[in-house]
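To start, the structure itself, in structure tokens.
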Amino acid sequence: EAQVTQNPRYLITVTGKKLTVTCSQNMNHEYMSWYRQDPGLGLRQIYYSMNVEVTDKGDVPEGYKVSRKEKRNFPLILESPSPNQTSLYFCASSYWGYEQYFGPGTRLTVT
Amino acid sequence: DAKTTQPPSMDCAEGRAANLPCNHSTISGNEYVYWYRQIHSQGPQYIIHGLKNNETNEMASLIITEDRKSSTLILPHATLRDTAVYYCIVSPPNFGNEKLTFGTGTRLTIIP
């Protein structure tokens, strides 16, 4: 089954404790992206990747890092999480110019 | 990217056709109209997209006016599982950052 998976689905952590949210797709898509969704602000893009070893900033990249060492994986790294990074995070992937597939979401709470 | 305008909410009776409008009066010639939906807090789901012609797939139909300034998404036989927020997105083909700009969408409620 074609899908995008994210782990963990739910995470509660404390300020400053490094964490990684994994994203994996099994469709051989070149393009992958991370969004965060906050009430009243909609979905905002954090980072994106056009292919292996090619990443770039989206609209709200501050406080986040990404890497794309393999085509299927695109982890989101929070080196020192802060409460303002409490949000619902989505990973997405696609072939260029085609519809995007979204993961189920990761609900992160930073206390 | 062109701006879109959608009604904030709509109701539709179960089994009836749900018609969701979208205005995109500033659309450019190379911009596509995409529809996605988000059920509760799940990941957005692609529904359909089109450029000029009407499109149909197993989920829905997309009707684009001849001047391309507006479109309508049609769910032919709405079920309770179609209750969701529906987003109309206008975007050019972009073989680079495929960022989707989600607006506020239309919250569709299917009523039993």
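In region A:85-110, the qualifying residues are those that are polar (S, T, N, Q) and not in a loop (DSSP other than H, G, I, E, B), and the one that is nearest to the other protein chains (Cβ to nearest Cβ) is A:94. Looking only at region B:68-109, which residues are at pLDDT 95 or above, among the hydroxyl-bearing types (Ser, Thr, Tyr) and within 13 Å of the chain's Cα centre (by Cα)? Answer for region B:68-109, where residues must be at pLDDT 95 or above, among the hydroxyl-bearing types (Ser, Thr, Tyr) and within 13 Å of the chain's Cα centre (by Cα): B:70, B:71, B:72, B:86, B:87, B:106.
Taking the criterion of being open to solvent by 30 Å² or more (accessible area, probe 1.4 Å), in contact with a strand residue (DSSP E or B) (Cβ under 7 Å, 6 or more places away or on another chain) and in a loop (DSSP other than H, G, I, E, B), the only residue of region A:43-59 that qualifies is A:59.
Across region A:44-84, the qualifying residues are those that are acidic (Asp, Glu) and away from chain B (no Cβ under 14 Å), and the one among them that is nearest to residue A:29 (Cα to Cα) is A:70.
Restricting attention to region B:9-67 and to residues that are open to solvent by 20 Å² or more (accessible area, probe 1.4 Å) and of a type in the set (Asp, Glu), the residue that is nearest to the chain's Cα centre (by Cα) turns out to be B:55.
Residues considered: B:79, B:72. Of these, the only one that is in contact with a Pro (Cβ under 9 Å, 6 or more places away or on another chain) and either open to solvent by 30 Å² or more (accessible area, probe 1.4 Å) or among the polar types (S, T, N, Q) (or both) is B:72.
The values are calculated or read from the model by the stated rules, or taken from the named source; none is laboratory data. Worth saying up front: this structure is predicted, and the values here are computed from it rather than measured. Positions of Cβ are backbone-derived with ideal geometry, glycine not excepted, and every protein chain shown enters the neighbour counts. Ligands, DNA and RNA are stripped out before the accessible areas are found, and what is left, the full protein with its side chains, is counted by its heavy atoms. Shrake-Rupley method; radii C 1.70, N 1.55, O 1.52, S 1.80 Å.
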